[in-house]
Amino acid sequence: MEKMVFEETELRLGLPGNNKKKNNEKKRGFSETESETESDENNNSDETSNTTVDLLLNLSSPKKEANKNNNNNGVVAENHSSPNNNKEKNLLPSDPAKPPAKAQVVGWPPVRSYRKNMFAVQKSSTEESQKNEKNNNNGNGNGSFVKVSMDGAPYLRKVDLKNYNSYPQLSDALGKMFSSFTIGSCESEGMKDFFMNERALMDLLNNSDYVPTYEDKDGDWMLVGDVPWEMFVESCKRLRIMKGKEAIGLAPRAMEKCKNRS
Amino acid sequence: MECCNKRRMMKESPESNFMNRRGSSCFPDEVLERVIGMLKSRKDRSSVSLVCKEWYNAERWSRRNVFIGNCYSVSPEILTRRFPNIRSVTLKGKPRFSDFNLVPANWGADIHFWLVVFAEKYPFLEELRLKRMTVTDESLKFLARSFPNFKAISLQNCDGFSTDGLAAIAADCKNLTELDIQENVIDDKNDNWLTCFPESFTSLEVLNFSILHNDVNFDALEKLVTRCKSLKTLKLNKSITLEQLQRLLFRAPQLCELGTGSFSQELTTQQYTELEGAFSNCKNLNTLSGLWVVTPQYLPVLYPACANLTFLNFSYAPLDSDDIAKLLVHCANIRRLWVVDTIEDKGLEAVGTHCPLLEELRVFPADPFAEGDARGVTDSGFIAVSQGCRNLHYVLYFCRHMTNAAVATVVQNCPDFTHFRLCIMNPGQPDYRTSEPMDEAFGAVVKTCSKLQRLAISGLLTDLTFEYIGKYAKNLETLSVAFAGSSDWGMQCVLEGCPKLRKLEIRDCPFGNAALLSGLEKYESMRSLWMSDCKVTMNGCRLLAKEMPRLNVEVIKEDGSDDSQAERVYVYRSVAGPRRDAPPFVLTL
């Protein structure tokens, strides 16, 4: 009952890939109130090959996980026999040629932030790394408040990005913030088989309700979800939840790659 | 016997009256205190204090060090009332999962109020060791001016301060011997805090500023190192170049522990030779760490110093298997080795071959979030190490998949594990050869390693793992669980079966109220319980709080989440009652 109501008011962020992904989107929200039966049973192994333009913010439970392997090893048969594998998936945007990225769960693997940053830093240039570290450290203790606007909403909100550790958490918070403003049905007729081509993407974007975007330090408007979370927090100046149609101008990585391939 | 005779003989004397009045103890307080004062072990002191009132008092007056594993389990008032003469305090604050962002900022564990009480009750305080506490610059400044005898400060995984605080310590702690800043969240203001050590200051023995990322004033550092002749531990930060390192080593050949700076710079032949010479001059070096940004062709300068090394911390140096193999040839005495998984299985084979005395191995992931087929270490590397290093008793191993058979082989080779922490980085990952759960792996661990004190489990695990743990892990004190188990029964097995359990931390497991409440009797004998993203509800927590008033049952509420669920629960025993400083998102039930 609760679940139903929630679906109607659900803010769908992102590009619904296909039916399966739509089901994912449904799952966004209070993970605890949703029954576990709404599991990945709809997500068969096709999903793994359909990689995807899904945004991370794609409506999955803020806590979960997503090990694609779960589908493949047949363990996730019943809800109760396996641990939280039934929770929805978070899908990172990824190169269609590679297997889908494993989603990031908060605080997993249990590697301290300091250590995580060490290697990310070593990969980039020293100068940039020093700049990043400095920003990270200076940011601590101060809020990272950014304005959030949603197309059609009467007023803006502000969120402190430091309160969140991952895209799903942010997505969830935004969804709750703006749930009262969502209009239109959340159930669009996606395509059963998702072919990674530009046209299909266009169609989907047209059908999609909302897309989260942000303005980065350079003043460019970017699609949320492409970069690692920490990098996003550093560079995000404001958020805008756009109507899908307007988001077509933004080029998701996959779309670019589509173009390259065809 | 003799003392009793003395009592009879001296019956008439005032002394004997005194002794008779004092009851069972025949020794004057001072003697008893002297004797008990020699006890160093916390456990012994604890036992001693339970014998009788005299011994309790002698113990509390003679105690100089105190260790508080959970800062909220006791208050500074209670502490100072019982132990009036403390010189050294060790405090741990936040739950361990705060290291992984599972505890919101501003949760608490602020040292300040403790310091205020200490300033009054322990004016002769010498040492403060903090882990996972919030420490502000104001607190550090307060500390620097409140304790004239202050000698040693060690901050690990703390947050809230900047280099301003360090400057205050440097300037005002005239007797400082130790400044150890490890893995903290610190605001490096790129100021010259090092210059704040006065010219007359020479007592430093331990200096660790490795986590700072800005340049330090090298001139001040070199002068400091030169005049502190007792310096034993020096851990530099990345900004220190190889050339600067050589100059420092030249000044301090007596060093026992060295953390290098960045290990990459264009060196001339002469500089290279000088650096090599500097290392061979350090005859006492037993610990080596740092080595950020390593240029592998400079590693040979370390070789002369390797023979005496017992602890090699390469956990920030992503070497490959060849580099590590060439180095380890010289490191036959290594007892503790921390590496990055870039060395891969081949590198671990080298470990097994060249380091037979190894007792502790930690393998960290270079890229924990790598997509697709990332490299790293696997089951075969694990086995290789266990074959060559039979003394291994501590392992922390990050890998992407594992097999039950490999773990069974490892513990067969090394049955003396006291700490077994296996992190299969994909949640719910089964045995990749058999596709079965990893239950048998951990079953083998607990069955074989009777001395096991600490266990961290991962991979696809059913209740069977927990049955094994409850049945066999009788010495287990710390258990870390994530994405595991099938039902409440799992957690119950552990709570009922592990008599020495002190710390239980659980995340993302299907354990609910029944499991939580099955430990009702148990939690008072434990330091703490952490459960996050399990199936515990607020009602379950309220029930626990009601039944066990001496426990603090705290729920961390996320904004806008379901009110009936208790997403993050932290339960711990306390004699101090509920927290007085809880932020609004922490509900004490």
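The values are calculated or read from the model by the stated rules, or taken from the named source; none is laboratory data. As the structure is a computational prediction, the values presented were derived from the model and not from experiment. Positions of Cβ are backbone-derived with ideal geometry, glycine not excepted, and every protein chain shown enters the neighbour counts. Note: areas computed on protein heavy atoms with side chains; ligands, DNA, RNA excluded. Shrake-Rupley method; radii C 1.70, N 1.55, O 1.52, S 1.80 Å.
Net charge near residue B:487, counting Lys/Arg +1 and Asp/Glu -1 over other residues with Cβ under 11 Å of its Cβ?
Numbers: positive: B:535; negative: B:463, B:488.
That sum, taken over residues with Cβ under 11 Å, equals -1.
Is there a quick way to get the dipole size of chain B? I mean about its Cα centre, with the Cβ of Lys and Arg at +1 and of Asp and Glu at -1; what is the value in debye to the nearest 20?
Details: 69 positive and 72 negative charges, 617 e Å.
For this selection, approximately 2960 debye.
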Considering only chain B, what is the antiparallel percent among its DSSP beta bridges, to the nearest 5? 15 percent
Taking the radius of gyration and the Kirkwood hydrodynamic radius from Cα positions alone, what is the Rg/Rh ratio for chain B, to two decimal places? 1.00
Before we go on, tell me the buried accessible area for the B/A pair, both chains summed, 1.4 Å probe, in Å² to the nearest 100. 4800 Å²
Measuring from a point 7 Å past the Cα of residue A:112 along Cα-to-C-beta, which residues in region B:87-106 have an amide N at less than 17 Å? B:91-103
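Carbon-plus-sulfur fraction of the accessible area of region B:423-508, 1.4 Å probe, in percent?
Working: 1320 of 2700 Å².
In region B:423-508, the share of accessible area belonging to carbon and sulfur is 49 percent.
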So how far, in whole Å, is the C-alpha centre of region B:166-222 from the one of region B:392-428? 39 Å
Where does the charge balance sit around residue B:274 when Lys and Arg score +1, Asp and Glu -1, over other residues with C-beta under 10 Å from its C-beta? -1
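Students sometimes get this wrong: rank A:231, B:526 by accessible area, probe 1.4 Å, all chains present, largest first.
Numbers: A:231 105, B:526 0 Å².
So, going from the largest accessible area down, we get A:231, B:526.
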In region B:56-103, which residues give up 30 Å² or more of accessible area once the other protein chains are added, compared with their chain alone (1.4 Å probe)? B:99, B:100, B:101
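Which value at 222 nm does chain B reach when only helices count, each DSSP H run of 4 or more adding -39,500 (n - 2.57), with the total divided by all residues and rounded to the nearest 500 deg cm²/dmol? Can you show the working numbers first?
Values: 22 runs with 202 residues, N = 589.
Estimated from H runs of four or more residues: -10000 deg cm²/dmol.
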Counting only the heavy atoms of the protein chains, how much of residue B:401 is accessible to a 1.4 Å probe, in Å² to the nearest 10? 60 Å²
For region B:423-460, list whatever residues lose no less than 40 Å² of accessible surface once every protein chain is in place, relative to that chain by itself, with the probe at 1.4 Å. B:426, B:427, B:460
With 27 Å as the limit, write out which pairs from A:116/B:235; B:447/B:500; B:326/B:447; B:94/B:546 have Cα-Cα distances beyond it, or answer none. B:326/B:447
Whole-Å distance, taken between Cα centres, linking region B:328-350 and region B:230-252: 24 Å
Kindly state, to the nearest 0.05, the FRET efficiency for residue B:270 paired with residue B:375, given R0 = 41 Å and r defined as their beta-carbon distance. 0.65
Calculated from backbone phi, Karplus (6.51, -1.76, 1.60) coupling profile of region B:141-148 in Hz, x at Gly/Pro: 5, 4, 4, 4, 9, 8, 10, x
Modelled label-to-label distance, residue B:297 and residue B:27, 7 Å Cα→beta-carbon offset: nm? 6.6 nm
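Considering only DSSP states other than H, G, I, E and B, which GluC sites (Glu not before Pro) in region B:177-232 qualify as loop sites with at most 12 other Cβ atoms within 10 Å? If you can, show how the numbers build up before the last one.
Values: sites: B:178, B:183, B:199, B:205, B:222; in loops: B:183, B:199, B:205.
Within region B:177-232, the qualifying GluC sites (Glu not before Pro) (loop, at most 12 other Cβ atoms within 10 Å) are B:199.
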What list of ³J(HN,Hα) couplings, whole Hz, do you get for region B:181-196 from phi and the Karplus terms 6.51, -1.76, 1.60, once you set θ to phi - 60° and write x for glycine and proline? 10, 10, 6, 9, 9, 10, 8, 8, 8, 6, 10, 9, 4, 5, 6, 7
Sum up the charges of everything whose Cβ sits under 15 Å from the Cβ of residue B:206, counting Lys and Arg as +1 and Asp and Glu as -1, but leave residue B:206 out. -1
Under 5 Å, built H, 5+ apart or other chain: amide partners of residue B:507: B:481, B:482, B:483, B:532
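If R0 is 22 Å, what FRET efficiency do you get for residue B:310 and residue B:280 from their C-beta distance, rounded to 0.05? If you can, show how the numbers build up before the last one.
Working: r = 18 Å, r/R0 = 0.80.
The formula returns an efficiency of 0.80 here.
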Accessible-area order for B:548, A:222, B:402, largest to smallest, probe 1.4 angstrom, reads A:222, B:548, B:402
Obtain the nm distance between the two label points defined at residue A:153 and residue B:44 by a simple spin-label model: each point lies 7 Å from its Cα along the Cα-to-C-beta direction. 6.4 nm
Scalar couplings 3J(HN,Hα) for region B:330-341 by Karplus 6.51 cos²θ - 1.76 cosθ + 1.60 (θ = phi - 60°), nearest whole Hz, x for Gly and Pro, are 8, 10, 5, 9, 4, 10, 10, 9, 10, 9, 9, 6
Long-range amide H partners of residue B:260 with built H, under 5 Å: B:236, B:289, B:290, B:291
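Scan chain B and hand back the longest stretch that contains none of the chymotrypsin sites (Phe, Trp or Tyr not before Pro) lying in DSSP loops with at most 16 other Cβ atoms within 10 Å. Before the final figure, lay out the partial values.
Working: sites that count: B:124, B:585.
Longest stretch, sites excluded: B:125-584.
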Between residue A:145 and residue B:77, with labels modelled 7 Å along Cα→Cβ, what's the label distance in nm to one decimal, could you check? 3.7 nm
Solvent-accessible area per residue for chain B (1.4 angstrom probe, square angstrom): 40 Å²
Could you pull out every residue, at least 5 positions away or on a different chain, whose amide H is within less than 5 Å of the one on residue B:378? Hs are placed 1.01 Å off N in the peptide plane, and Pro or chain starts have none. B:345
